[in-house]
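Data first, discussion second: the structure below is written as structure tokens.
Every number in this text was worked out from the coordinates using simple rules, so none of it is lab data. Small disclaimer: the values here were computed from a predicted structure and weren't measured. Neighbour counts run over all protein chains shown; Cβ positions are idealised from the backbone, glycine included.
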Amino acid sequence: MTQEAPADADTSAWRPPRPALHLVRFAFFRGLGLIYMTAMGGLLFHVGPLLGSQGITPVGAWLARVQQARGASAVWQLPTLFWLSHSDAVLTGAAAVGLGLALLLLLGLANAPLLFALWLLQLSFVGVGQVWLGYGWETLLLETGFLAIFLAPPLDPRPLRPTALPVAVVWLLRWVLLRLYLGAGLIKLRGDACWRDLSCLRWHYETQPVPNPLSWLLHQAPPWFHTLGVAWNHGTELVVPFGLLLPRRFRNAAAALMALFQVFLIFSGNLSWLNWLSLVLCIAALDDGALARLLPRGLVARAAAASAAAPPLSRSRWVLTAGLCLGVGLLSIGPVANLLSSQQSMNSSFDPLHLVNSYGAFGSVGKVRDEVIILGTADDPEDPQATWKEYELPCKPGDPDRHPCVITPWHYRLDWQLWFAAMESPQRAPWLVHLAWLLVQGDRSVERLFAQAPFPDVPPRAVRVDLYRYRFTTWGEPG
């Protein structure tokens, strides 16, 4: 038997029902605005002392080396606006513009030009950021921010307008989330043996880059707690993400479990904005029905009205979205091959624009914590009685009597980089020598990176770098 449409029905106008996603898009853009504000605000604070003309690793010297090594192709292999100009005023101005645009996005204004400008600024800074911007959360923001351009309305920036919404772009964001979790899970299984015997968390809370107060408490937990924690980590990163490919109910449950995992990571340490951006991506795995339970009724009603009145995609935008999906599919070949490889690399990019990347975190876990401590003296450095004063950093462990701090999602880049320097040979951290030289010169810009300048009036006569071993105190031990 067959069923025919009524004679007066316009079958040419029939379309399959569209999932309601206007509330998801609204919340996603707000979250992305917070991440961009953190990134651009951090650059505004760091760009002078780290990348300025008198900074630790000046952009001008970096671009000159790139051009010398790569010749005429340097501009294409390292796309950045700072090829045009990289003066201190330009670098600072670009970060300030980015901060302003991010604030607009956080306030709810979003369109394609605004999101393109933010993505281009982030790409430009990553291109010249060297060791300071060479981490997975930077490229994750680039990949997410690029897709957000195509999710936004072309021009109208007002929130919750009944504009067309390309559902395929939401699925591309879910693809980013799937690779993010699988990459993190697989790199652990292939990396340190302690992830396979479920013991890594016995050391992780103590040896992670920048612990917070709860890190100390978690470190005191009994071994069975750490064993369950690693098992939970593996389940969340290696099994739960496949729920994103299942029908709505299972997808929402998977997104909730993945978000819960990120919340725990946020409370357990200061890991920049990586976990916060992962939470924003979890929003894209939901639909309006799931998100409506968490947001005010008035906002939910406005989103429902916008979704009901939204027109279908125009032909030109449909073609553009199809081309984006095809491009992401082709660019995913390298990252997927990396995921399947026994030689998986962590946090790698496969194209100059960082459009589709591989991710991973803590493929190895340190069993001891060494810290680089920078000290200066106004006395004769050869005198055994010379007084050496420490350059205390804002958050990284230094003074043993100081309690751990809470800064997430903010990111102190020098604190983070010195954690790596403690695990490297001096030859692999030449920037540290230049930092010491700048401190001897009394560079006030670089001194801003520290919690306090121990020589506020006259620069030190000498600076030295010591390596100390740190550990958490235990229950009942004087702290």
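List the lysines whose alpha-carbon lies under 20 Å from that of Lys367, not counting same-chain residues fewer than 8 positions away?
Lys188, Lys396
(1) 80, 66, 51; (2) 101, 56, 45; (3) 76, 57, 45: which one is Cα extents along the principal axes in Å as calculated from this entry?
Only one listed value fits the structure, namely (2).
Once Lys and Arg get +1 and Asp and Glu get -1 on their Cβ, which of Leu326, Ala20, Asn233 lies farthest toward the positive end of the dipole of the chain?
With unit charges placed on the Cβ atoms, the residue in question is Ala20.
How much length is gained on full extension from Ala301 to Ser73, taking 0.36 nm per residue of separation minus their Cα-Cα distance?
Length gained, Ala301 through Ser73: 76.9 nm.
Taking the Cα centre of the stretch 22-340 as origin, work out the dipole magnitude from +1 charges on Lys and Arg Cβ and -1 charges on Asp and Glu Cβ, in debye rounded to 20.
With Lys and Arg at +1 and Asp and Glu at -1, about 800 debye.
For the Cα atoms of the chain, what angle does the longest principal axis make with the long axis of helix 88-106, in degrees from 0 to 90, nearest 10?
For helix 88-106, the angle is close to 40 degrees.
With θ set to phi - 60°, apply the Karplus curve 6.51 cos²θ - 1.76 cosθ + 1.60 along the stretch 118-128 and write out the HN-Hα couplings as whole Hz, x wherever there is a Gly or Pro.
5, 5, 5, 5, 4, 4, 5, 5, 4, x, 10
In the stretch 133-274, how does Rg compare with the Kirkwood Rh, expressed as the Rg/Rh ratio over alpha carbon atoms?
Expressed as Rg/Rh, it is 1.04.
How would you rank 293-300, 153-160, highest first, on the average number of other Cβ atoms within 10 Å across their residues?
153-160, 293-300
Describe numerically, in nm with one decimal, the distance between label points set 7 Å from Cα along Cα→Cβ at Ser341 and at Glu390.
Taking the two extended label points, one gets 4.1 nm.
Sort 67-77, 167-177 for me by packing, meaning the mean count of neighbouring Cβ atoms within 10 Å per residue, highest on top.
In descending order of packing, they fall as 167-177, 67-77.
Across the stretch 367-376, in residue order, what do the Karplus-derived ³J(HN,Hα) couplings come to in whole Hz, using 6.51 cos²θ - 1.76 cosθ + 1.60 with θ = phi - 60° and x for Gly and Pro?
Here the 3J(HN,Hα) series is 9, 9, 10, 9, 10, 7, 10, 9, 10, x Hz.
Hey, if you put +1 on the Cβ of every Lys and Arg and -1 on every Asp and Glu Cβ in the chain, which of Gln130, Ala436, Gln385 ends up farthest toward the positive end of that dipole?
Gln130
I'd like to compare 140-149, 188-197: which one has the highest average count of other Cβ atoms within 10 Å, and what's the full order after that?
140-149, 188-197
Please list the three semi-axes, largest first and in whole Å, of the ellipsoid equivalent to the stretch 369-470, using sqrt of 5 times the eigenvalues of its alpha carbon gyration tensor.
21, 16, 15
How much length is gained if the chain between Leu107 and Trp318 is pulled fully straight, taking 0.36 nm per residue apart and subtracting their Cα-Cα distance, in nm to one decimal?
Answer, rounded to one decimal: 73.2 nm.
Once the other residues with Cβ under 11 Å from the Cβ of Leu78 are scored (Lys, Arg +1; Asp, Glu -1), what is the net sum?
Charge balance in the 11 Å sphere: +2.
Work through the residues other than His226 whose Cβ is under 15 Å from its Cβ and net out their charges, Lys, Arg +1 and Asp, Glu -1.
Local net charge: +1.
Give me the base-10 log of I(q)/I(0) for the stretch 231-328 at each q in 0.10, 0.15 Å⁻¹, Debye formula, one uniform scatterer per Cα, rounded to two decimals.
Log-scaled intensity ratios, in q order: -0.40, -0.83.
Charges only on Cβ, +1 for Lys and Arg, -1 for Asp and Glu: so what's the dipole of the stretch 368-475 about the Cα centre, in debye to the nearest 20?
Once rounded to the nearest 20, the dipole reads 460 debye.
Tell me the angle of helix 59-70 to the major Cα principal axis of the chain, expressed in degrees between 0 and 90 and rounded to the nearest ten.
Around 70 degrees separate the two axes.
Set the Förster radius R0 to 30 Å, insert the Cβ-Cβ distance between His234 and Arg402 as r into 1/(1 + (r/R0)^6), and round the FRET efficiency to 0.05.
0.30
Fewest Cβ neighbours within 10 Å first, please rank Tyr391, Tyr36, Tyr468 accordingly.
Tyr468, Tyr391, Tyr36
When the chain is fully extended, how far beyond the present Cα-Cα distance does Ser87 get from Ala164, taking 0.36 nm per residue of separation?
Going from the current span to full extension adds 23.6 nm.
Determine the sum of side-chain charges near Gln417: Lys and Arg each +1, Asp and Glu each -1, restricted to other residues whose C-beta is under 15 angstrom from that of Gln417.
Residues close to Gln417 contribute a combined charge of -2.
For the chain, what does -39500 (n - 2.57) per DSSP helix run (n ≥ 4), summed and divided by total residues, give at 222 nm, in deg cm²/dmol to the nearest 500?
-16500 deg cm²/dmol
For Val263 and Ala61, what does the FRET efficiency come to when R0 = 45 Å and r is the distance between their Cβ atoms, rounded to the nearest 0.05?
The pair Val263/Ala61 has a calculated efficiency of 0.65.
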